[in-house]
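Novice: Got a structure for you, questions after.
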Amino acid sequence: MRELTDGSTAIVRGAVDAGCDFFAGYPITPASQILTGMSREMPLVGGVAIQGEDEISSIGMCIGATMAGARAMTATSGPGISLYSENIGMAIIGEVPLVIIDVQRLGPSTGGATTAAQGDVQFVRWGTGGGYPIIALAPSSVPECYTLTMKAFDLAERFRCPVFVLTDKELNLTATTVDIDAYEKVPVRPRSRMAPGESAGAPYSYQPPDAVGPIATYGDDTPVRFTGSTHDERAFITKDPQTVGALNEHLVAKIENHQDEIDMVVADIDPGADTALLSYGITAGSMREAVRVARAGGRPVSALTIQSLWPVPEPAILGLLESHERVIVGELNHGQYRREIERLAARKTDVVGVHRTDGTLITPQDFLEALS
Amino acid sequence: MNPTTVTTLGSYRNDSPYPFCPGCGHKSILDHLNEALVELQADPMKTVIVTDIGCAGLSDQYFATSAFHGLHGRSVTYATGIKLAQPDLTVIVVMGDGGTGIGGTHLLNAARRNIGVTVLVFNNFNYGMTGGQHSATTPEGAFTTTTPGGNPERPLDICGSVGVNGAGYVWRGTSFDADLTQRICEAVTSDSFALLDIWELCTAYFVKSNQFSRRALESTLETLGFQTGVLYREGRPEYSRALRESARIPGTVPGGPVPVEQNWSASLERPFMIELAGSAGGRVRSAARIGALAAIRSGLYASQRDDYPVTVKTGHSLAKLLLSDRPIDYAGSDRPDMLVILTADGLGKVRSRAAGLSSDSIILTVPEFADIESGAEVRVVDPASLPDRVPKADLGLLALAAAVRHSGVFPVDALRAAAAEGPFGESNAAAVEAGIRLAGL
Ligand code: SF4
């Protein structure tokens, strides 16, 4: 059986099926449908959805609710992520599991509210002070909006950190036909909570650096501290260099040492191809169409869809770079992810960009022209 | 929810001494808070002290309760999230007057909602931790490091602001007031948004630059005409519970996929796009949606991309209906196989694209636009030739039916069936019949 639906709806369903029970957001095109969808769904599953007075309050409420035991999500677009920035940093240092949906639209500033773009790729990675890692997933189809939203909740719990789902206006607002079987449910691990009696006096642990400790929640059987400042394991503010160093090392190591648990790509490799296409999000759809046309015309070509943008899934990309003479990167910005590919290529493989920032999608024809 | 465990405590302070300057008002306010918690025998497990930034923001570290130490001015947002997730917790916000400026909107909105948290404003008219800059509450004329010639701004009346906007309990006084403990108890037990505006001394900066004193606190209150004592007391439903009650729509269930039955079949050799170009009010988008559902009923894959101005109810309304034999990966094409132009608004948006179409595309339009410049074949249908006048709102669906009939892209019976569903089933079905008829003329 098939249905007619869009990415916003799939994200809302993914959140509900992932056990999300708290949503706060502020209206913004093209993310508002997620706010309205969650407002409808949350009460039906015993959760809470609230429209904050602004973006800052929306993410703030999500962080507070998570510390009180909720599984929280928020959704916005680029201008809203700008306002989230400071709290994203707090979620990182306070180790708060949180899912942030960024439905990209054309920027900078108000830009084009109903215009396609993939301009927030580097922004979500570096969008808060300090430069600490986040995780970002990018669905390239409506069923992936569902699956990767679930996956984002799982990774948020695993690594106690904010996880972005980076989607865009086209994916979220275009209604399309989906085979209902295509919605792949993924397991979402339960929150690792401190057992009753366990010392919640130390809600943070940094040893070994990449270990992620269980979360202590307000209302449990022991007082719980949370802080957005540089802190010791008991969440007291400190400047002790050894403690501060251990905390900051931990924030990096817990993600970077476990990339194999995060990396997600879809590789479609033709061993006879000298050129590979690489893309993500809505542009990967155009890429798949281009691959079909090229192959039907007898032109061998490989393709790699990146589903986990951050941290960069380096092994898969390095493999692609090694086995092809040329990699064509397509994205709706001036080459934000191409930078990462060029860094990995280290000038040994030819990296070519296909980019648009005129508000229209990269077409299959654009890829085919770059191929020829 | 865990069973409530009540641990009686003689003090809610931990062993750490306060870090504040000698004579700083923070110490005495926190001592009153401690007394209040003892008097209430608050369960430390169920009590969260929420702070943000500055000297007052350090407060949570000296208590044996749960704590949340967040960003400048945002403490009320965290408190709101905590309370919404667990309405049974006692949530107490400690913020400085700086927070009432940067986070003023959060205060107003929390008051308006009547979220059941207690806010203690440690109001010493300047930023202590960052070096004595002026704040939203600095009295006019006062000297601070950023108002060296005297503050030209009017001070914010925090109590008045949250009070007129619905706060359940509002009190103003000073850190020297003997009834402060009792007022904190009243605020915490009020089950509403409660705010205490507590005037106090920053001995490091404000006292020094303004020769300020306890007496000056009182005379400033008088000069400004700011009342003290309990200023507002209102019984309204507490928000975190009220929201849970109000948000549920009876009879609704969580939304899952809505499967569309496939009763017809159609085959396509390549993707086929019908684009409708009309005006707001012509129900162009709902027509395209019916078309998409009809295509799915015929075993096809369909996508629908809309384009309309942000104002929604005026100007153009475009809908691209892309049909394919296999899942659609790219729905962005600008070359419709059939371009249906219904109104001048629609024509305005597609005129240049229409001009670029070649003879393998068809433009379907009304007599008014029959002379459109285009490389495509132009076919004209005339709704006026029908026996009944077609309402404007049905034009989009009528034209879509004509386009489906013309192109034979999927069976018109599938469109009939899709149109007959939903709240406008009868008029939609009539529009489809009219369109099919028109295409046959
Ligand atoms: S600087 Fe002012 S507010 Fe801060 S501790 Fe000293 S007296 Fe108190």
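Novice: Given the criteria open to solvent by 30 Å² or more (accessible area, probe 1.4 Å) and away from chain B (no Cβ under 11 Å), does A:TYR26 qualify?
Specialist: Working: open to solvent by 30 Å² or more (accessible area, probe 1.4 Å): yes; away from chain B (no Cβ under 11 Å): yes.
Taking the combined requirement at face value, the residue satisfies it.
Novice: So, one more: Report the residue count in the range B:355-373 for those that are open to solvent by less than 50 Å² (accessible area, probe 1.4 Å) and over 20 Å from B:VAL409 (Cβ atoms).
Specialist: Qualifying residue count for the region: 5.
Novice: Can you pull out the residues in the range A:165-184 that are assigned to a strand (DSSP E or B), within 8 Å of chain B (Cβ to nearest Cβ) and open to solvent by less than 30 Å² (accessible area, probe 1.4 Å)?
Specialist: Of the range A:165-184, the ones assigned to a strand (DSSP E or B) are A:165-168, A:175-179.
If we keep only those that are within 8 Å of chain B (Cβ to nearest Cβ) too, we end up with A:175-179.
Passing the criteria: A:ALA175, A:THR176, A:THR177, A:VAL178.
Novice: Now a separate question. If you go through the range B:209-235 one residue at a time, how many are more than 18 Å from B:ARG183 (Cα to Cα) and either assigned to a helix (DSSP H, G or I) or open to solvent by 80 Å² or more (accessible area, probe 1.4 Å) (or both)?
Specialist: Number satisfying all stated conditions: 14.
Novice: If you don't mind, there's one more thing I want to ask. Which of (1) within 14 Å of the ligand (Cβ to nearest atom); (2) of a type outside the set (D, E, K, R); (3) open to solvent by 10 Å² or more (accessible area, probe 1.4 Å) is the odd one out, the single condition B:GLN41 does not satisfy?
Specialist: (1)
Novice: Tell me yes or no: at least one residue of the range B:167-175 is surrounded by fewer than 24 Cβ atoms within 10 Å (Cβ to Cβ), more than 16 Å from the ligand (Cβ to nearest atom) and among the charged types (D, E, K, R).
Specialist: There is no residue in the range B:167-175 that is surrounded by fewer than 24 Cβ atoms within 10 Å (Cβ to Cβ), more than 16 Å from the ligand (Cβ to nearest atom) and among the charged types (D, E, K, R).
Novice: Hey, A:PRO196 hits all of (1) open to solvent by 30 Å² or more (accessible area, probe 1.4 Å); (2) in a helix (DSSP H, G or I) but one; which does it fall short on?
Specialist: Evaluating A:PRO196 over (1) open to solvent by 30 Å² or more (accessible area, probe 1.4 Å); (2) in a helix (DSSP H, G or I) leaves (2) as the failure.
Novice: Sticking with this one: I want to confirm something. Restricting to the range B:127-136 and keeping residues that are within 32 Å of the chain's Cα centre (by Cα) and more than 19 Å from B:VAL170 (Cβ to Cβ), which single residue is farthest from the ligand (Cβ to nearest atom)?
Specialist: Going residue by residue through the range B:127-136, those that are within 32 Å of the chain's Cα centre (by Cα) are B:127, B:134-136.
Narrowing the set further to residues that are more than 19 Å from B:VAL170 (Cβ to Cβ) leaves B:127, B:134-135.
Values: B:TYR127: 8, B:HIS134: 14, B:SER135: 11 Å.
Among residues in the range B:127-136 that are within 32 Å of the chain's Cα centre (by Cα) and more than 19 Å from B:VAL170 (Cβ to Cβ), the one farthest from the ligand (Cβ to nearest atom) is B:HIS134.
Novice: So B:ARG353 fits all but one of (1) in a helix (DSSP H, G or I); (2) charged (D, E, K, R); (3) in contact (Cβ under 8 Å) with a residue 24 or more places away in the chain; what number is the exception?
Specialist: Condition (3) is where B:ARG353 drops out.
Novice: Please verify whether the range B:248-268 includes one or more residues that are hydroxyl-bearing (Ser, Thr, Tyr), modelled with pLDDT of 95 or more and open to solvent by 70 Å² or more (accessible area, probe 1.4 Å).
Specialist: Start the filter on the range B:248-268 by keeping residues that are hydroxyl-bearing (Ser, Thr, Tyr), which leaves B:252, B:265, B:267.
Adding the requirement that they be modelled with pLDDT of 95 or more leaves B:265.
Checking which are open to solvent by 70 Å² or more (accessible area, probe 1.4 Å) leaves us with B:265.
So far as the range B:248-268 goes, yes, one or more of its residues are hydroxyl-bearing (Ser, Thr, Tyr), modelled with pLDDT of 95 or more and open to solvent by 70 Å² or more (accessible area, probe 1.4 Å).
Novice: Quick one: count up the residues across the range A:182-197 that are under 10 Å from A:ASP220 (Cα atoms) and either within 21 Å of the chain's Cα centre (by Cα) or of a type in the set (Gly, Ala, Ser) (or both).
Specialist: So the count comes out to 2.
Novice: Let me ask something else. Give the residues of the range B:408-437 that are closer than 19 Å to B:SER267 by Cβ and part of a loop (DSSP other than H, G, I, E, B), sorted by residue number.
Specialist: Hits for the range B:408-437 are B:GLY408, B:VAL409, B:PHE410, B:PRO411.
Novice: For the range A:31-70, give me each residue that is more than 7 Å from chain B (Cβ to nearest Cβ), surrounded by fewer than 24 Cβ atoms within 10 Å (Cβ to Cβ) and either under 17 Å from the mean Cα position of the chain (by Cα) or in contact (Cβ under 8 Å) with a residue 60 or more places away in the chain (or both).
Specialist: Listed by number, the list holds a single entry, A:GLN33.
Novice: Specify the residue that is nearest to the other protein chains (Cβ to nearest Cβ); the eligible residues are those in the range B:14-38 that are over 23 Å from B:ASP179 (Cα atoms) and away from the ligand (no atom under 16 Å from the Cβ).
Specialist: The initial filter retains those residues of the range B:14-38 that are over 23 Å from B:ASP179 (Cα atoms), namely B:14-17, B:19, B:21.
If we keep only those that are away from the ligand (no atom under 16 Å from the Cβ) as well, we get B:14-15.
Numbers: B:ASN14: 10, B:ASP15: 12 Å.
For the range B:14-38, the residue satisfying everything is B:ASN14.
Novice: Kindly establish whether B:ALA302 is free of Cβ contacts under 8 Å to residues at least 24 places away in the same chain and buried (at least 16 other Cβ atoms within 10 Å of the Cβ). Outline the logic, then answer.
Specialist: Values: free of Cβ contacts under 8 Å to residues at least 24 places away in the same chain: no; buried (at least 16 other Cβ atoms within 10 Å of the Cβ): yes.
Against the criterion (free of Cβ contacts under 8 Å to residues at least 24 places away in the same chain and buried (at least 16 other Cβ atoms within 10 Å of the Cβ)), B:ALA302 does not qualify.
Novice: Keeping to the range B:183-208, report how many residues are open to solvent by 30 Å² or more (accessible area, probe 1.4 Å) and either touching a Phe, Trp or Tyr at 6+ places or on another chain (Cβ under 6 Å) or not hydrophobic (A, V, I, L, M, F, W, C) (or both).
Specialist: Total satisfying the criteria: 8.
Novice: Note down all Cβ pairs under 6 Å where the first residue falls in the range B:198-217 and is within 15 Å of B:GLY128 (Cβ to Cβ), the second is open to solvent by 30 Å² or more (accessible area, probe 1.4 Å), and they're at least six residues apart or on different chains.
Specialist: What qualifies is B:LEU201/B:VAL207; B:THR203/B:CYS21; B:THR203/B:GLY23; B:ALA204/B:CYS21; B:SER209/B:PHE143; B:ASN210/B:PHE143.
Novice: Which residue pairs have Cβ atoms under 8 Å apart, sit 6 or more places apart or on different chains, and have a first residue in the range B:62-75 that is more than 7 Å from every other protein chain (Cβ to nearest Cβ) and a second that is of a type in the set (S, T, N, Q) and open to solvent by 20 Å² or more (accessible area, probe 1.4 Å)?
Specialist: Correct list of pairs: B:TYR62/B:ASN14; B:TYR62/B:SER16; B:PHE63/B:ASN14; B:PHE63/B:ASN34.
Novice: Which number in (1) more than 14 Å from every other protein chain (Cβ to nearest Cβ); (2) closer than 27 Å to B:LEU89 by Cβ marks the one condition that A:ARG193 misses?
Specialist: Condition (1) is where A:ARG193 drops out.
Novice: Here's another thing I want to ask about it. Filter the range B:103-123 down to residues that are open to solvent by 10 Å² or more (accessible area, probe 1.4 Å) and more than 10 Å from chain A (Cβ to nearest Cβ) and give me whichever is farthest from the ligand (Cβ to nearest atom).
Specialist: In the first step, residues of the range B:103-123 are kept if they are open to solvent by 10 Å² or more (accessible area, probe 1.4 Å); the result is B:104-105, B:108-109, B:112-113, B:116.
Now drop any that are not more than 10 Å from chain A (Cβ to nearest Cβ), which leaves B:104, B:116.
Values: B:GLY104: 20, B:GLY116: 28 Å.
Among those that are open to solvent by 10 Å² or more (accessible area, probe 1.4 Å) and more than 10 Å from chain A (Cβ to nearest Cβ), it is B:GLY116.
Novice: How about the range B:391-429: which of its residues are open to solvent by 10 Å² or more (accessible area, probe 1.4 Å) and aromatic (Phe, Trp, Tyr)?
Specialist: B:PHE424
Novice: Give me a count of the residues in the range B:209-247 that are within 16 Å of the ligand (Cβ to nearest atom) and touching a Gly at 6+ places or on another chain (Cβ under 8 Å).
Specialist: Restricting attention to the range B:209-247, the residues satisfying the condition of being within 16 Å of the ligand (Cβ to nearest atom) are B:209-214, B:216-217.
Within this subset, residues satisfying the condition of being touching a Gly at 6+ places or on another chain (Cβ under 8 Å) are B:209.
Of the residues in the range B:209-247, 1 are within 16 Å of the ligand (Cβ to nearest atom) and touching a Gly at 6+ places or on another chain (Cβ under 8 Å).
Novice: Now for a different question. Can you find, within the range B:44-92, the residue that is farthest from A:SER229 (Cα to Cα) among those that are within 16 Å of the ligand (Cβ to nearest atom) and among the hydroxyl-bearing types (Ser, Thr, Tyr)?
Specialist: B:TYR62
Novice: Residue check: is B:ASP337 closer than 30 Å to A:PHE367 by Cβ, surrounded by fewer than 23 Cβ atoms within 10 Å (Cβ to Cβ) and in contact (Cβ under 8 Å) with a residue 60 or more places away in the chain? If you could, list the steps in order and put the result at the bottom.
Specialist: Working: closer than 30 Å to A:PHE367 by Cβ: yes; surrounded by fewer than 23 Cβ atoms within 10 Å (Cβ to Cβ): yes; in contact (Cβ under 8 Å) with a residue 60 or more places away in the chain: yes.
Judged against the criteria, B:ASP337 is a match.
Novice: Which residue, of A:THR230, A:THR217, is among the polar types (S, T, N, Q), in contact (Cβ under 8 Å) with a residue 24 or more places away in the chain and crowded, with 17+ Cβ neighbours inside 10 Å?
Specialist: Numbers: A:THR230 fails: crowded, with 17+ Cβ neighbours inside 10 Å.
Only one candidate qualifies: A:THR217.
Novice: Of the residues B:GLY103, B:GLY23, only one is within 19 Å of A:ILE50 (Cβ to Cβ) and small (Gly, Ala, Ser); which? Working first, answer last.
Specialist: Numbers: B:GLY23 fails: within 19 Å of A:ILE50 (Cβ to Cβ).
Going through B:GLY103, B:GLY23 in turn, just one is within 19 Å of A:ILE50 (Cβ to Cβ) and small (Gly, Ala, Ser): B:GLY103.
Novice: Same structure again: Return yes or no: is B:PHE193 of a type outside the set (D, E, K, R) and either over 29 Å from B:ALA142 (Cα atoms) or away from the ligand (no atom under 16 Å from the Cβ) (or both)?
Specialist: Values: of a type outside the set (D, E, K, R): yes; either over 29 Å from B:ALA142 (Cα atoms) or away from the ligand (no atom under 16 Å from the Cβ) (or both): yes.
Answer is yes for this residue.
The values are calculated or read from the model by the stated rules, or taken from the named source; none is laboratory data. Owing to the predicted nature of the structure, the values given are computational and were not obtained by experimental measurement. Cβ: placed from backbone, ideal geometry, glycine included. Neighbour counts: every protein chain shown. SASA here: full protein model, heavy atoms, side chains in, ligands and nucleic acids out. Shrake-Rupley method; radii C 1.70, N 1.55, O 1.52, S 1.80 Å.
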